[in-house]
Amino acid sequence: MSVPSDQPVSSSPHPGDHESPDPARDHATPSSRPTGTAPRSQGRPARVDPRGPRFGAGITSVLLLVTIALDLQGFRVAALALLAALVVLFAWGTVAGVARHPWGLLFQKAVRPHLAPPSEMEDATPPTFAQAVGLLVTGVGLVLALIGVPHAVVVSAAIAFLAAFLNAAFGLCLGCELYVLLLRAGLVGRGRQRSE
C-alpha cells in the first residue's frame, strides 16, 4: 500500500494514537519505529502509550521482589546476578527509551493489540528519565554489594521495588515526577536548554 508523501505514516494499528495529522511530523516507515509510539517531529519528543511503562513496571516489580526474597533467604549470588540483570535492563531503557526496552517491545507486540486505543499518548521523556533513576538506584546497590557492603542488594532492590510498584499499581511514576520537578527548575530537558 502506498501512502502519499503529504500524509503522515502511522505504524499503529490503533486509531487516535496521534493528536492530529501534522505535516511537520516525520514520515518514518512503520518498520523504523516501534508500534505504539507516535512519530517524532522536529522539536517534539516521541510519545508512547502510557500503559506500556506501567506494564514494564509490573514486570520489574516482580523481578525486584524476587531479588529481595533471594537475598533474604541467603541466595546472595543469585540475588546479585538478578540485580545485575536489572541494572542492564534499566541501562537499556535509559539509552534506547521505554518504547525500545524489552518490556516495552513485549507490551507493543503481545499486549497492546488486545487493548482499546489509549485515551491519549504521553511524552516518552519522563518514563525514560525514570529508567535512569532506576539505573542509578540499582547500579549503586550493585557496586556497593560487589565491594562487600552488607544488605546493599536488598536495600537498593527495595527502593527500586517501591517506585516500580507505585507505578504499576497506581500509575504514580516517582521518576517521572522527579523529572517534572527538575524540568520546572530548569535543570533538565527543555528548561535547561532555555537557560543556557
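Filtering the range 165-182 to residues that are among the small types (Gly, Ala, Ser) and not in a helix (DSSP H, G or I) leaves only Gly171.
Residues in the range 62-97 that are of a type in the set (Gly, Ala, Ser) and in a helix (DSSP H, G or I): Ala69, Ala78, Ala79, Ala81, Ala84, Ala85, Ala91, Gly93, Ala96.
Evaluation of Phe161 against the conditions (1) touching a Gly at 6+ places or on another chain (Cβ under 9 Å); (2) surrounded by 13 or more Cβ atoms within 10 Å (Cβ to Cβ); (3) within 17 Å of Leu65 (Cα to Cα) shows that the sole unmet condition is (1).
Tallying residues that are over 13 Å from Arg54 (Cβ atoms), touching a helix residue (DSSP H, G or I) at 6+ places or on another chain (Cβ under 7 Å) and free of Cβ contacts under 8 Å to residues at least 12 places away in the same chain within the range 167-184 yields 2. Residues of the range 98-156 that are among the small types (Gly, Ala, Ser), buried (at least 20 other Cβ atoms within 10 Å of the Cβ) and part of a loop (DSSP other than H, G, I, E, B): Ala124 alone. Looking across the range 120-147, just one residue is free of Cβ contacts under 8 Å to residues at least 40 places away in the same chain and under 16 Å from Arg54 (Cβ atoms), and that is Thr128.
Each value in this text was obtained by applying a stated rule to the coordinates, not by laboratory testing. Computed from a predicted structure; not experimentally measured. All Cβ positions, glycine included, derive from the backbone under ideal geometry; neighbour counts span all protein chains shown.
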